[in-house]
1. Filtering region 119-133 down to residues that are assigned to a loop (DSSP other than H, G, I, E, B) and among the acidic types (Asp, Glu), which residue is surrounded by the fewest Cβ atoms within 10 Å (Cβ to Cβ)?
2. Look through region 2-17, keep the residues that are in contact (Cβ under 8 Å) with a residue 60 or more places away in the chain and under 12 Å from the mean Cα position of the chain (by Cα), and return whichever of them is nearest to TRP123 (Cα to Cα).
3. What are the pairs with Cβ atoms under 8 angstrom where one residue, in region 100-128, is free of Cβ contacts under 8 Å to residues at least 60 places away in the same chain and among the aliphatic types (A, V, I, L, M) and the other, located anywhere, is assigned to a loop (DSSP other than H, G, I, E, B) and buried (at least 17 other Cβ atoms within 10 Å of the Cβ)? Sequence gap at least six, or different chains.
4. What is the number of the single condition among (1) more than 14 Å from the chain's Cα centre (by Cα); (2) within 21 Å of ILE139 (Cα to Cα) that ILE109 does not meet?
5. So PHE65 ticks every box in (1) within 22 Å of LEU98 (Cβ to Cβ); (2) part of a loop (DSSP other than H, G, I, E, B) but one. Which box is left unticked?
6. Which one is surrounded by the most Cβ atoms within 10 Å (Cβ to Cβ), of the residues in region 36-82 that are small (Gly, Ala, Ser) and free of Cβ contacts under 8 Å to residues at least 12 places away in the same chain?
7. Return the residues of region 1-32 that are acidic (Asp, Glu) and surrounded by fewer than 20 Cβ atoms within 10 Å (Cβ to Cβ); say none if nothing qualifies.
Amino acid sequence: MTLRLRAPIVERMSEHVRRAYPEEGCGVLLGREAGGSREVEEAIVFENQCEDSRQNRYLISPEQFLAAEKGARARRLDVIGIFHSHPDHPARPSSYDLEHAWPYYSYVIVSVEEGRIGEIRCWRLADDRSALEAEPLEIRSETDTLAMDGEDR
């Protein structure tokens, strides 16, 4: 499965995690799944609700997640992923990320190095829950999006 993000969505996520630095920033991704890929339509940013260790932990509260699900449903979308940042660390899942991962969702991790956006990678929980495995990530320019919107789906 490939996760597709448009450049303006990447910029929204990036701006949020830059502002959160040196703490982790987080949010959810709304979109649709079709034909072996997931198309992100919107990134909803949230304040990190973790009460301690915010520099290497994030928490999306149940109330935040429920509000995102309701908003997605109203727009005929689904919550298809979760994003968060790794301040001054690689965009690879930590053991904490693995312990708290849920099946189905795509997990986008944005590395923020000294306040600047680094690598952006996507992960998905293995069926046996033993690891978060790399998931293909495609970042599309606005031009790509316009061309795609004109195609029949």
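The values are calculated or read from the model by the stated rules, or taken from the named source; none is laboratory data. None of these values were measured; they are calculated from a predicted model. Here the Cβ positions follow ideal geometry from the backbone for every residue, glycine too, while neighbour counts run over all protein chains shown.
1. Step one: of region 119-133, the residues assigned to a loop (DSSP other than H, G, I, E, B) are 126-131.
Restricting the remaining residues to those that are among the acidic types (Asp, Glu) gives 127-128.
On the way: ASP127: 8, ASP128: 6.
So the residue we want is ASP128.
2. Within region 2-17, the subset in contact (Cβ under 8 Å) with a residue 60 or more places away in the chain is 2-8, 10, 13-14, 17.
Then keep just the ones that are under 12 Å from the mean Cα position of the chain (by Cα); that gives 3-5, 10, 13-14, 17.
On the way: LEU3: 10, ARG4: 13, LEU5: 14, VAL10: 16, MET13: 16, SER14: 17, VAL17: 18 Å.
Here the residue is LEU3.
3. ALA101/PRO93; ILE109/ALA91; ILE109/PRO93; LEU125/ALA101; LEU125/TYR105
4. The number of the failed condition is (1).
5. For PHE65, the failing item is (2).
6. First pass over region 36-82, keeping only residues small (Gly, Ala, Ser): 36-37, 43, 53, 61, 67-68, 71-72, 74, 81.
Checking the rest, the ones that are also free of Cβ contacts under 8 Å to residues at least 12 places away in the same chain come to 53, 67, 74.
Details: SER53: 12, ALA67: 14, ALA74: 8.
So, considering only residues that are small (Gly, Ala, Ser) and free of Cβ contacts under 8 Å to residues at least 12 places away in the same chain, the one surrounded by the most Cβ atoms within 10 Å (Cβ to Cβ) is ALA67.
7. The first filter runs over region 1-32 and keeps only residues acidic (Asp, Glu), leaving 11, 15, 23-24.
GLU11, GLU15 - these are the residues of region 1-32 that are acidic (Asp, Glu) and surrounded by fewer than 20 Cβ atoms within 10 Å (Cβ to Cβ).
Yes/no per residue for (1) under 23 Å from ILE139 (Cα atoms); (2) assigned to a helix (DSSP H, G or I); (3) in contact with a His (Cβ under 6 Å, 6 or more places away or on another chain); (4) modelled with pLDDT under 95:
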position: LEU5; (1), (2), (3), (4): yes, no, no, no
position: PRO8; (1), (2), (3), (4): yes, yes, no, no
position: GLU24; (1), (2), (3), (4): yes, no, yes, no
position: GLU39; (1), (2), (3), (4): yes, no, no, no
position: GLU42; (1), (2), (3), (4): yes, no, no, no
position: VAL45; (1), (2), (3), (4): yes, no, yes, no
position: LEU59; (1), (2), (3), (4): no, no, no, no
position: ALA72; (1), (2), (3), (4): yes, yes, no, no
position: PHE83; (1), (2), (3), (4): yes, no, no, no
